[in-house]
Amino acid sequence: MSVIAYIGLGSNMGDKLAACRRALELLTRAGRINRVSSFYCTEPVGYPDQEMFLNAVAELETDLSPLALLAACHVIEEELGRNRMFRWGPRTIDLDILLYGNQVVNTGELTIPHPLMAERRFVLTPLCEIAPAAVHPVSKKTVSHLLEELSDPHRVVRCEA
């Protein structure tokens with residue numbers, strides 16, 4: 001049975017746009033991409049001394065379980081040269097499962113909904129563009145409501161891509 005999942009994409013090393021586009025192509029191995037947000041140029045969060053990020057969100061219809069989808073995302077990251085130097089550091093590509101249907105997952109490997117999504121403008125802005133009525137399964141608030149309440153001061157600007 002298919003589930004709608006939302007995948008956050010981010011890159012701030014090398015050809016960011018090419019990395020995100022290639023990641024989207026490779027994500028089709030995990031299911032069918034129904035929609036993709038615009039690309040956004042965003043300020044880094046957590047570790048500010050690095051290049052701006054390029055971020056987007058994809059809506060993926062998948063038959064994979066949450067853990068299988070996580071594994072598929074990790075394979076794509078590895079194929080695109082992701083090197084996990086340190087938390088919130090620079091990366092060629094980052095794929096995060098933001099939402100997986102209305103499921104809540106809490107294992108040592110995976111937390112869904114993404115534990116920081118409701119606090120991050122670079123996640124909520126592109127997600128709201130393609131799924132404003134999607135509901136956060138813990139807070140029970142829509143993505144558009146979460147974005148309205150957000151106090152994150154980091155700049156998020158739609159890029160020409």
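We did not get these values from a lab; they are worked out from the coordinates using the rules stated. Bear in mind that the values here come from a model prediction, so they are computed numbers and not experimental data. Don't worry about glycine lacking a Cβ; one is built from the backbone with ideal geometry, like all the others, and counts go over all protein chains shown.
Only Cα pairs within less than 10 Å get springs; with that Gaussian network setup on the chain, which residue of N34, N12, N55 has the largest fluctuation?
Between N34, N12, N55, it is N34 that shows the largest mean-square fluctuation.
Which loop trypsin sites (Lys or Arg not before Pro) in segment 92-161, with loop taken from DSSP, have no more than 13 other Cβ atoms within 10 angstrom of their Cβ?
Values: sites: R120, R121, K140, K141, R155, R158; in loops: R120, K140, K141, R155.
In loop regions of segment 92-161 (DSSP not H, G, I, E or B), the sparsely surrounded trypsin sites (Lys or Arg not before Pro) are K140, R155.
From the C-alpha coordinates alone, can you work out the Kirkwood hydrodynamic radius of the chain, in Å?
Mean inverse Cα-Cα distance, inverted, gives 15.6 Å.
Taking the Cβ of each residue in L147, L17 as the centre, tally the other Cβ atoms inside 10 Å and list the residues starting with the fewest.
Working: L147 19, L17 14.
By the 10 Å Cβ count, ascending, the order reads L17, L147.
Sort M13, M117 by Cβ crowding within 10 Å, fewest neighbours at the top.
Exposure proxy ranking, most exposed first: M13, M117.
Starting from 0.36 nm per residue, how many nanometres of slack lie between N106 and S151 once their C-alpha separation is accounted for?
On the way: separation 45, 0.36 × 45 = 16.20 nm, distance 2.57 nm.
That works out to 13.6 nm of additional length.
In segment 103-126, which residues have a backbone nitrogen under 15 Å from the label point lying 7 Å from L17's Cα in the Cα-to-Cβ direction?
Within reach of a label on L17: no residues.
Rank these for me by crowding, R21, R91, going from fewest to most other beta carbons within 10 Å. Each step should come with its number before you reach the end.
Numbers: R21 17, R91 21.
Arranged by neighbour count, lowest to highest, R21, R91 become R21, R91.
Say a paramagnetic label sat at a point 7 Å from the Cα of E43, along Cα to Cβ; which residues of segment 109-128 have their backbone N under 11 Å from it?
Hits in segment 109-128 for E43 at 11 Å: none.
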